[in-house]
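Everything below concerns the one structure shown next.
The values are calculated or read from the model by the stated rules, or taken from the named source; none is laboratory data. No experiment lies behind these values; they were computed from the predicted model shown. Positions of Cβ are generated from backbone atoms using ideal geometry, with glycine treated the same way; all protein chains shown enter the neighbour counts.
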Amino acid sequence: MSLAESEKQIQTDVLILGGGPSGISCALECADSGLDHLLIERSQNFGGQLEEIPGPIPNMPAGSFYASGRDLSFAMLEHAQSFGCLLRAEVEIVEADLDNLTLKSKDAVYRGRALYIAAGARYREPSFENQERFKDFIHHRHYVDNHHFEGREVIIVGGGDSAFFAALAKAAVAKSVTIIHRSSNFKVRDDIRNMVEADPRIEVLANREIASLKGDRQLEAVLLKDKDSGNIESRRADVIYAKLGYVPNSELFYNQLELTASGHIKTDEKRRTSKPGVFAGGDIVSPGYDRISVALGHGSLAVKYIREYLK
């Protein structure tokens, strides 16, 4: 592996942004193809959203061999390192110049002959009245220890798989669990919904939204607005667990790439974006499907067409 590095100027053949499954897959394919490459990740950990998966992953080949998504991410990282992939953590990109295939951090300028964007997505932050006052009682990451919920009245906000999975997990330790969703259209798998509906410890309220948070020194209640009638009801709450979906990490590429209304990067079947030399995959792209196996495939497939581009 050779990188041309002069002071803070770093040049490589394939520059990869994002250390989740798609980025790591791209790095592995580059290494296997003999392409100089560098993967940069903003956090100190690799794996992206994998750490949010609490158990085995039955819908991914070999996923059941790992106790959790975090275990899988460790295995991916170890394999990539042993295979000779060049990975750098804690590199936060503050500026992108896609015309020149350049990414800039506070400390260095990274330039590739081709760029693969696999920056993924992040949790959509909730927005409640009095939210800042009660921020210590609002969580959205899976790995928050269950002792935060033990014996408490838990409100879970969301209507997808993550919210329902969270309800099942928290019901094991909480005093009560209530799922609040703003519509009657739940985007949850039938098998998961059936498990929740069969659990007497969990209540599901549709067409509700949190109007306000109440309490003195700590969260004590939420005011719920019925979106059909407009009525307001108070419900006891000690902690809120918000699972409101994800937002693509595409802000750096506004006005540089063609994006969807939701901010996802538009790509074609060859993983190409609207900018020559810039490819993308994983949760940040459209059309897409937020599955680990899809992200892995994107990273591998992109290298096939990156090689063609670099010829």
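Laid out as a table, the results:
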item: Which numbered condition L15 misses (of (1) in a strand (DSSP E or B); (2) out of contact with any strand residue (DSSP E or B) (no Cβ under 6 Å at 6 or more places or on another chain); (3) not polar (S, T, N, Q)); result: (2)
item: Test set (1) on the phi > 0 side of the Ramachandran plot; (2) in a helix (DSSP H, G or I) - L168 fails condition number; result: (1)
item: Only listed residue being out of contact with any Leu (no Cβ under 9 Å at 6 or more places or on another chain) and among the hydroxyl-bearing types (S, T, Y), chosen from S184, S250; result: S184
item: Unmet criterion (only one of (1) outside any strand (DSSP E or B); (2) touching a helix residue (DSSP H, G or I) at 6+ places or on another chain (Cβ under 6 Å); (3) small (G, A, S)) for A114; result: (1)
item: Qualifying residue in region 11-31 (condition: loosely packed, with under 14 Cβ neighbours inside 10 Å and either closer than 18 Å to V303 by Cβ or of a type in the set (S, T, N, Q) (or both)); result: no
item: First in region 72-90 and among the aromatic types (F, W, Y), second anywhere and in a loop (DSSP other than H, G, I, E, B), Cβ under 8 Å, 6 or more apart; result: F74/G47
item: Output for region 37-51, where each listed residue is surrounded by 18 or more Cβ atoms within 10 Å (Cβ to Cβ) and in contact (Cβ under 8 Å) with a residue 40 or more places away in the chain; result: H37, L38, L39, I40, E41, F46, G48, Q49, L50, E51
item: Exclusive hit being over 20 Å from G18 (Cα atoms), part of a helix (DSSP H, G or I) and basic (K, R), set R182, R217, R235, R193; result: R193
item: The one condition in (1) over 20 Å from H139 (Cβ atoms); (2) touching a residue at least 60 places away in the same chain (Cβ under 8 Å) that S183 fails to fulfil; result: (2)
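For (1) at pLDDT below 95; (2) more than 19 Å from the chain's Cα centre (by Cα); (3) crowded, with 20+ Cβ neighbours inside 10 Å, each residue gets a yes or a no:
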{"residue": "I192", "(1), (2), (3)": "yes, yes, no"}
{"residue": "A211", "(1), (2), (3)": "yes, yes, no"}
{"residue": "L224", "(1), (2), (3)": "no, yes, yes"}
{"residue": "I232", "(1), (2), (3)": "no, yes, no"}
{"residue": "Y246", "(1), (2), (3)": "yes, no, no"}
{"residue": "I265", "(1), (2), (3)": "no, no, yes"}
